[in-house]
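The values are calculated or read from the model by the stated rules, or taken from the named source; none is laboratory data. Note that this is a predicted model, so its numbers are computed, not measured. Virtual Cβ from ideal backbone geometry, glycine too; neighbours counted across all protein chains shown. These area figures cover heavy atoms from the full protein model, side chains too; ligands, DNA and RNA do not enter into them. Shrake-Rupley method; radii C 1.70, N 1.55, O 1.52, S 1.80 Å.
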Amino acid sequence: MLEIVVKTENGERHVRVSAEELAGLVRRIGGDGDRFLVVQRIPDLPDVFAQVWHEAGADYTLERRDGAVDRHFRTTADGPEPVIAAMTGWARQEVRRDQGLTWSPLDMGPAREVPPLELDDDQRVELERHVREVLVGGYASRAELAELAEEFLVTRDRRPVSREQAEALADRLWLERVAEQAAWQGETDPERLSRAFTALREAGITARENFTCCRSCGQSEIGGEREPGARGFVYFHTQCTDSAAAGHGLMLLYGGFDGSSETTAAIGHEVVAALEAAGLRTEWDRDPDRAVTVTPLDWRRRLVG
């Protein structure tokens, strides 16, 4: 699998695709509402991407950028194959395989200067603390973190953080976390959790991570997530994520779609078994009215973007 995220004009998001899947997405574009792809690395890095635009009957326009404004290049191709080769090589971080493509630098103008934040020390500390908490949770993108930073201190008559300042703050904290996770070795507990959730989905249980904002919303919306043939569900919401990231373990909510206590208890047993098979420890008293808690838990979720 390629360590990339592919985003499409029609709103699809493909994570860790194969080279064959990437090729299929490139060959697919051209129709109305499905004319471009944006490809980012995992983890996402500021101003590092490749993208391609194609409209049926026209050439392909391919761009790549490697951070700085003077590292943004464009080329064109008359068919998908050179584009596929170039994008696959970029995704693998290989020596360029451009198959005759000629790249030209794009003039993006001077690098923008972002004014410093005009916050007192308490506001600055509180803002960074809040953004870091969500960042450590591991599910927010850089764009979502920037939006959070921009809105966190807003009052009725004051917006102390501009969009540009919010993006700069989010990118700085994001890169700090990327540097931290570079030292992580082996499978992490959140990866074990995801592996257990995958096994549960394959066994007929709808499993969702970081699903909705709270228990009330989760219970009202999980039915809409039901997959064909699913007998029950398990999920945790964003408040559970925050608790896990703070070192307090992770509460999992579960149940049967038929609403019976017998099915709920059976789903609880399957959830515990899947978690333990993935190498995680749980606390549960077998009461279908009580949540399953994953503890102890070392919450180191690798960023995607």
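Checking the conditions here, which among 143, 149, 58 is aliphatic (A, V, I, L, M) and closer than 21 Å to residue 6 by Cα? Give the derivation first.
Details: 149 fails: closer than 21 Å to residue 6 by Cα; 58 fails: closer than 21 Å to residue 6 by Cα.
Just a single option satisfies the conditions, and that option is 143.
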key: Conditions (1) in contact with an Asp or Glu (Cβ under 7 Å, 6 or more places away or on another chain); (2) open to solvent by less than 70 Å² (accessible area, probe 1.4 Å); (3) not in a loop (DSSP other than H, G, I, E, B); (4) not polar (S, T, N, Q); number of the one not met by residue 131   = (1)
message = Looking only at residues that are part of a loop (DSSP other than H, G, I, E, B) and without any contact (Cβ under 8 Å) to a residue 40 or more places away in the chain in segment 277-305, which one is nearest to residue 248 (Cα to Cα)?
response = 281
note = So, first residue farther than 22 Å from residue 154 by Cβ and touching a residue at least 24 places away in the same chain (Cβ under 8 Å) in segment 99-124, second residue of a type in the set (Ser, Thr, Tyr) and surrounded by 10 or more Cβ atoms within 10 Å (Cβ to Cβ), Cβ within less than 9 Å, six or more apart or across chains; the pairs are 101/75; 101/76; 102/75; 102/76; 103/75; 104/75
message = Please go through segment 41-58 and give me each residue that is closer than 26 Å to residue 175 by Cβ, open to solvent by 30 Å² or more (accessible area, probe 1.4 Å) and in a strand (DSSP E or B), ordered by number.
response = 41, 49, 51
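If I filter segment 78-89 for residues that are open to solvent by 80 Å² or more (accessible area, probe 1.4 Å), free of Cβ contacts under 8 Å to residues at least 24 places away in the same chain and out of contact with any helix residue (DSSP H, G or I) (no Cβ under 8 Å at 6 or more places or on another chain), do I get at least one hit? I'd like the intermediate steps shown before the answer.
Here is the first cut: in segment 78-89, the ones open to solvent by 80 Å² or more (accessible area, probe 1.4 Å) are 78, 81.
Narrowing the set further to residues that are free of Cβ contacts under 8 Å to residues at least 24 places away in the same chain leaves 78, 81.
When the remaining residues are screened for being out of contact with any helix residue (DSSP H, G or I) (no Cβ under 8 Å at 6 or more places or on another chain), the result is 78, 81.
Yes: one or more hits.
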ask   = Is it true that some residue in segment 78-86 is touching a Ser or Thr at 6+ places or on another chain (Cβ under 7 Å) and modelled with pLDDT of 95 or more?
value = no
